[in-house]
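S.K.: Here's a structure for you.
The values are calculated or read from the model by the stated rules, or taken from the named source; none is laboratory data. This one's a predicted model, so the numbers in the text were calculated from it and none came from an experiment. Cβ: placed from backbone, ideal geometry, glycine included. Neighbour counts: every protein chain shown.
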Amino acid sequence: MRIFLTGVGCVGKTTVGRQLAVLLGVKFFDLDREIETFFGTSIERLQNKFLTIHSYRKEAAKALVHLLNRPASRHSVIALPPSGLMAGYLRAIKKSTGITVALNDKPENVLERITFYDIDSNLIEKDLTAEEKRLHLREIKKDITYFRKTYERAHLRVDVSGLNPEQAARRVRQAVNAFDRSRRKPETSEQTDGEGLGSAAAPPRPSS
């Protein structure tokens, strides 16, 4: 099983994703890192080569396609960028199998986890002033509003407010397991009915 995690920047996709992969005993992949490895450059430098963010996402989606074709990703947790359920990313996901999960958290909690990187993806230590925090909080709220409709495409939306990474990972695992069971129930029922009528078992339904 693949689990795709998405959400606004600094919502905890990577941290929670790693913990979730440990709980499930599967591989973890951060798509941002996969993109940088695939193209041999940093995210920001790659973005600077394109006139629009749409054209960048279309190109970056090639790294996701490459990852999904690797056997190691068949059972894994994959952390997507905030736009992970848009454009080329979404098309690649729809052609694969897996469960998409959008993580939700309060803007104030996201602000506490905000991190900064230079053009080469090196972490920058930065202490924000009260005014900078106010401005970044406003941007986080804008992102949450902007991506809200997009995240409705996810199979699951999981609120991780007030949870540490392990607690959040366990909540995601619980939601995924419940969703997977509910998705399998109709198939089991159809197979049982079919056997009673002497017909072939129904094939599994494709993931949406």
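S.K.: Inside segment 42-96, can you point out the residues that are among the basic types (K, R), in a helix (DSSP H, G or I) and surrounded by fewer than 17 Cβ atoms within 10 Å (Cβ to Cβ)?
M.R.: Step one: list which residues in segment 42-96 are among the basic types (K, R), which gives 45, 49, 57-58, 62, 70, 74, 91, 94-95.
Narrowing further to those that are in a helix (DSSP H, G or I): 45, 57-58, 62, 91, 94.
Correct list: R45, K58, K62, R91, K94.
S.K.: Applying the selection to segment 14-39, what residues are within 20 Å of N164 (Cα to Cα) and in a loop (DSSP other than H, G, I, E, B)?
M.R.: G25
S.K.: If you scan segment 108-117, which residues turn out to be exposed (fewer than 15 other Cβ atoms within 10 Å of the Cβ) and either part of a loop (DSSP other than H, G, I, E, B) or free of Cβ contacts under 8 Å to residues at least 40 places away in the same chain (or both)? Explain how you work it out, then say what you get.
M.R.: Looking only at segment 108-117, we keep the residues that are exposed (fewer than 15 other Cβ atoms within 10 Å of the Cβ), and these are 108, 112-113, 115-117.
Result: E108, E112, R113, T115, F116.
S.K.: Taking into account only those residues within segment 3-29 that are surrounded by fewer than 19 Cβ atoms within 10 Å (Cβ to Cβ) and touching a helix residue (DSSP H, G or I) at 6+ places or on another chain (Cβ under 6 Å), which is farthest from L103 (Cα to Cα)?
M.R.: In this case the residue turns out to be K27.
Per-residue answers, yes or no, for (1) under 23 Å from Y146 (Cα atoms); (2) within 14 Å of the chain's Cα centre (by Cα); (3) aromatic (F, W, Y):
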position	(1), (2), (3)
F29	no, yes, yes
S42	no, no, no
Y56	yes, no, yes
A60	yes, no, no
S76	no, yes, no
M86	yes, yes, no
Y89	yes, yes, yes
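S.K.: Tell me the residue from D120, D105, D143 that is in contact (Cβ under 8 Å) with a residue 40 or more places away in the chain and under 29 Å from R183 (Cα atoms), please. Walk me through it before giving the result.
M.R.: Working: D120 fails: under 29 Å from R183 (Cα atoms); D143 fails: under 29 Å from R183 (Cα atoms).
The unique qualifying residue is D105.
S.K.: Kindly indicate whether any position in segment 123-132 is touching a residue at least 12 places away in the same chain (Cβ under 8 Å), surrounded by fewer than 16 Cβ atoms within 10 Å (Cβ to Cβ) and part of a helix (DSSP H, G or I).
M.R.: no
S.K.: Considering only residues that are part of a loop (DSSP other than H, G, I, E, B) and either touching a strand residue (DSSP E or B) at 6+ places or on another chain (Cβ under 6 Å) or within 25 Å of E59 (Cβ to Cβ) (or both), look in segment 97-107 and name the one that is modelled with the highest pLDDT.
M.R.: So the first thing to find is which residues in segment 97-107 are part of a loop (DSSP other than H, G, I, E, B), and the list is 97-98, 105-106.
Adding the requirement that they be either touching a strand residue (DSSP E or B) at 6+ places or on another chain (Cβ under 6 Å) or within 25 Å of E59 (Cβ to Cβ) (or both) leaves 97-98.
Numbers: T97: 92, G98: 95.
Looking at the filtered set, the residue picked out is G98.
S.K.: When you scan segment 129-140, do you find a residue that is at pLDDT 95 or above, within 24 Å of F4 (Cβ to Cβ) and either over 19 Å from the mean Cα position of the chain (by Cα) or not hydroxyl-bearing (S, T, Y) (or both), even just one?
M.R.: Looking for residues that are at pLDDT 95 or above, within 24 Å of F4 (Cβ to Cβ) and either over 19 Å from the mean Cα position of the chain (by Cα) or not hydroxyl-bearing (S, T, Y) (or both), one finds at least one in segment 129-140, hence yes.
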